[in-house]
Amino acid sequence: MKKNVKKNVEKKEISITVKDLHIRYRGLKKFSIKKSLLKMKTGRFEIFEALKGVSFEVEKGKILGIVGKNGSGKSTMLRSIAGIFCPDEGSIDLHGHTISLLSIGVGFQPALTGYENIILSGMLLGFSEDQIKEKLNDIIEFSELGDFIYSPVKTYSSGMYSKLAFSITAILETDIMLIDEVLSVGDIQFKAKSYAKMKELINDENRTVVIVSHSTETLRELCDEILWLHEGEIKMKGDCDEVLDKYQEFMDAIAAKREEDKKKEEEEVKKAIKAQEKKSA
């Protein structure tokens, strides 16, 4: 008799599931006070679809990088996963995991001090006041803000803001970390320190990380997979080198076309000037 042998298939645990996600914005087509007021009265708005039926999964412990030219939907994607934007269609499932978003301009109350924003941010991330206070000194020390921690955040420079934001996210560790271009902000010393801390955090096989960055070098070093967004849709997803090489070719082609158009425009201007000079002669 043959024995029934069961194959031990390791089931992959999923941290993030995005299914058929659509995010739309409403805005006025052209800015004009008179026309804007008329359009507001009649309700005539232009609908801009930032994300168009995006679907993907991120396994637990994996690091996903997201690339795309400006306006492709990268930051919208992160803010949707973080719960800041609600889907117009589709769904996002975090499978019960805690999540934090590290992004300049998101999450702080400008009138509150840095100290107060640490408490507030921690509570919004789901930590108790006691848990936050246990980590408070570590956050303040890592931020290098000194006495500025007791000043309103609205008085902070972008570098100070990013230091505080990174310190909160790095010390109050969550299951899922979303990072939006913040690794490129701050002075050289803090940038090196935050990069080292980030590598330490993402080496935890239980932590899932999604990074948006224009630095292909950073993404090649840190990520397991790359998702390329283009005009609100997934153009490619897969191996880092394969996707980033294709993306770089695409961006180089855009840059070359832009340079070609610039030269043509300069030539046309020169011709127009010469033609005008001949008429004046």
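The values are calculated or read from the model by the stated rules, or taken from the named source; none is laboratory data. Just so we're clear, the structure is a prediction, and the values are computed from it rather than from any experiment. With ideal geometry, Cβ positions are generated from the backbone for all residues, glycine too; neighbour counts draw on all protein chains shown.
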In the range 126-170, the residues that are under 23 Å from Q189 (Cα atoms), of a type in the set (S, T, N, Q), more than 22 Å from the chain's Cα centre (by Cα) and in a helix (DSSP H, G or I): N137, T155
Subset of the range 220-275 [in contact (Cβ under 8 Å) with a residue 40 or more places away in the chain, among the aliphatic types (A, V, I, L, M) and assigned to a strand (DSSP E or B)]: I226, L227, L229, I234
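Keeping to the range 201-216, report how many residues are out of contact with any His (no Cβ under 9 Å at 6 or more places or on another chain) and part of a strand (DSSP E or B). Reasoning before the result, please.
From the range 201-216, those out of contact with any His (no Cβ under 9 Å at 6 or more places or on another chain) are 201-207, 209-216; that's our starting set.
Now narrow it down to the ones that are part of a strand (DSSP E or B): 209-212.
Residues flagged as out of contact with any His (no Cβ under 9 Å at 6 or more places or on another chain) and part of a strand (DSSP E or B) within the range 201-216 amount to 4.
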Of all residues in the range 53-68 being touching a residue at least 60 places away in the same chain (Cβ under 8 Å) and either surrounded by fewer than 17 Cβ atoms within 10 Å (Cβ to Cβ) or of a type in the set (D, E) (or both), the one that is farthest from A253 (Cα to Cα): E59
Have a look at I104, I84 and point out the one that is modelled with pLDDT under 90, surrounded by fewer than 21 Cβ atoms within 10 Å (Cβ to Cβ) and under 19 Å from K19 (Cα atoms). I84
Would you mind telling me which numbered condition in (1) surrounded by 16 or more Cβ atoms within 10 Å (Cβ to Cβ); (2) among the aliphatic types (A, V, I, L, M); (3) in a helix (DSSP H, G or I); (4) at pLDDT 85 or above M123 fails? (1)
Please state which one of L78, L21 is at pLDDT 90 or above, surrounded by 13 or more Cβ atoms within 10 Å (Cβ to Cβ) and not in a helix (DSSP H, G or I). L21
